[in-house]
Amino acid sequence: YLRSSMSIINQLETEYFNQESKLFINAEHQQTLNMAILVCLKLYQMTNKSEYLAEAFKYTEKSKSAVLLSSLKDIQAKIFGSIPKELTDRERKYNEDISIYKELISREEEKLKPDTQLIQTWQNKIFSLNQKKEELFSIYRKKYPAYYQSLYQENIISLKKLQSRLKRKQLLAEYYLNDTLLITFFIDKKSASINIQKADSTFYSNLTVLRQQLSNNKFDDHAFENYLSFVNSAGYLYQKLLGHYKHIGHFSQLLVVPHDILALIPFEVLLTSNNYKKNTPDYRKLDYLIRQQNVVYAYSSTLAFLKLSKHHKKSARTVLAFAPSYNDYQQAGIRALPPGLQSPDMLSPLPGVEEEVNNINKYFRSEIISGKEATESNFKVKANGFSILHLAMHTLVDNENPQYSKLIFSYRQDSIDDGFLNTYELYNLNLNSDLVVLSACNTGFGKVNKGEGVMSLTRGFLYAGCLNIVMTLWPLEDRSGVTIMDNFYKNLKNNRDAGVALYKSKIEYLDHADKLKAHPYFWAAYVTIVNQSSSGSNNYLHWILLIILAAGSVFTAFMIRRRIKFSL
């Protein structure tokens, strides 16, 4: 019965092309998914058959970023189905226009006296565009059957395949939360286990306290009280989230796949012991998890190992970095601002960003665009083709309508771009970067959508095809941000793995911080979303190259010896 229900739900999700409809269906069937997970786990406990654990894992994966994964799958299906670029560009334009009209409606409805006639006109425009999309999809169905065949294929990674892709010293912890239970899958290359605990009011209370302490920058007020609150909550949550797994010390990297509000917590700040000073705050001496392991993150295990086909080759240029200035917003005044920004004064200067982006030049060949030239239009023109994108700027997070969360570029009077890059605009971009560094406030923070996860700006870049992202979970402190990013690029040059580079950068920061600046507020906001689909092949190519070079050296030495022997 449950398998049949899940099959019908999967078919429904595939049939709908509208993201809002998919999100609605996804939220509505969470109860069915929850039941399927619990039934499979009960059967596993009763029979100890691994097939039930594997099925429970599959349904847990379906509870995470299903709409995001479906959209990425649709992009890949269009490539494999050989749909002409002319048609996909037309679909992208329809989607962009629909999003613009929806934002106009949203802005108008927020006014004290909305213009209902204008709203109706825009709604009619949306209706007409949706009709055009349906006509386009009809063409897809009739002329490109390979597209639909690819679209209906199962795309969730199996437990067995996941284990084959994990590295030898890598542990994956995947979480599932419902109203009363915390379920954790601990998976490594050779084994998989499950841990089920109650998720009671104490658990949720500690999550709230830890989140508050991490983003709190008022260190003079109640300093010792806050210190104790942090230590107690971080210690409790380590025991709850990881303490039950006794072999964690055997692994050098922890890949965390969070669920629900767990996505708003950086696991590296959890405390592995209660060894701390009882009489005075000293954040240097705490036993943070990061001291034991490199922690990286993924929205789902499937996304962590998803391989995307790219349309274009990257340019030989490496880094494109943007650092806007906001002086021109002061001159333009309130008329240049979107809802949510009541005054240009809210766009205060970011004193460290120019230094931050200029530091990148020490390690990588890069194009730095700062000040007045760091506009939205320039970003859209230049972004495709660089290996790394680095964006150091203000953000505006819209929790009610996450698609209208914005990256804020320099102001320029423009008939097309207004300086505010919305999340929905990212959905319609085709980026080609291996890594995006969102060095701006709250880029990984947002509304938690039931069944889909955190609706942050980061998701927009994932939609655009950038699967490795450094993002932030709360507002950054300028000076520590500059230091961490400088060390990050230094480490990235020596080790192309972004997760390792950020891990080493944080360790270096902690090693030199004083007892106050070692507070996680200063260093733990940055986290890495990873995609490891190419890591195995890269390593493989690395060893092939080494073997070829070694063989070449042996052959050269042999020929030299032969010539010497012959001449003698």
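Read-outs: derived from the displayed coordinates by stated rules, not from any lab. Here the structure is a predicted model, which is why all the values come from computation and not from measurement. All Cβ positions, even for glycine, are placed from backbone atoms using ideal geometry, and neighbour counts span all protein chains on display.
When the Karplus curve 6.51 cos²θ - 1.76 cosθ + 1.60 is applied with θ = phi - 60°, which whole-Hz ³J(HN,Hα) does each residue of the range 75-86 get, with x for Gly and Pro?
Karplus values, whole Hz, x for Gly and Pro: 4, 5, 4, 5, 5, 5, x, 6, 6, x, 4, 4.
Read through the labelled values (1) 30.2; (2) 33.3; (3) 28.0 and report the label of the one computed as mean projected area of the Cα convex hull in nm² from the structure.
Derived directly from the coordinates: (2).
So what is the relative contact order for the range 303-533, in percent, with contacts set as C-alpha pairs under 8 Å and at least six apart?
After rounding, I find 20 percent.
For the cross-link pairs Lys78/Lys382; Lys73/Lys406; Lys160/Lys190, which exceed 19 Å when the distance is taken from alpha carbon to alpha carbon?
The pairs that break the limit, which is 19 Å between Cα atoms, are Lys78/Lys382; Lys73/Lys406.
Using alpha carbon centroids, what distance separates the range 188-240 and the range 423-453, in Å?
Going from one Cα centre to the other spans 25 Å.
Run the numbers on the chain and let me know its relative contact order in percent, using alpha-carbon pairs under 8 Å that are six or more apart.
13
Could you work out the local net charge near Asp497, counting Lys and Arg as +1, Asp and Glu as -1, over the other residues with Cβ closer than 12 Å to its Cβ?
Net local charge, Asp497 excluded: +3.
Using modelled amide H (1.01 Å from N, peptide plane; none on Pro or chain starts), what sits under 5 Å from the amide H of Ser370, excluding residues fewer than 5 places away?
Ala323
Treat the count of other C-beta atoms within 10 Å as a stand-in for reagent exposure and order Glu355, Glu134 from fewest to most.
With the fewest neighbours first, Glu355, Glu134 line up as Glu134, Glu355.
Shape of the range 65-199 from its Cα gyration tensor (a ≥ b ≥ c, root eigenvalues): rounded if a/c is under 1.5, otherwise prolate when a/b > b/c, or oblate?
Oblate is the answer for the range 65-199, as a/c is 1.5 or above yet b/c matches or exceeds a/b.
Quick check for me: using +1 on Lys/Arg Cβ and -1 on Asp/Glu Cβ, what's the dipole size of the chain about its Cα centre, in debye to the nearest 20?
Around 2940 debye, computed over the chain.
With an 8 Å cut-off on Cα pairs and a minimum separation of 6 or more residues, tell me the relative contact order of the range 159-301 in percent.
The normalised contact order for the range 159-301 reaches 25 percent.
Which of the trypsin sites (Lys or Arg not before Pro) across the range 205-288 are loop residues per DSSP, with 10 or fewer other Cβ within 10 Å?
Lys218, Lys246, Lys278
Could you point to the residue in Ile369, Cys466, Tyr424 farthest towards the positive end of the range 303-533's charge dipole, with +1 and -1 charges on the Cβ of Lys/Arg and Asp/Glu respectively?
Cys466
List the residues whose amide H sits under 5 Å from the amide H of Leu182, counting only those 5 or more places along or on another chain, with H placed 1.01 Å from N in the peptide plane.
Gln197, Lys198, Ala199
Quick one: which residues, 5+ away or cross-chain, put their amide H under 5 Å from the amide H of Val437? H built at 1.01 Å from N.
Leu389, His390, Leu391, Val470
From the square roots a ≥ b ≥ c of the eigenvalues of the alpha-carbon gyration tensor of the range 303-533, which class results: rounded (a/c under 1.5), prolate (a/b over b/c), or oblate?
rounded
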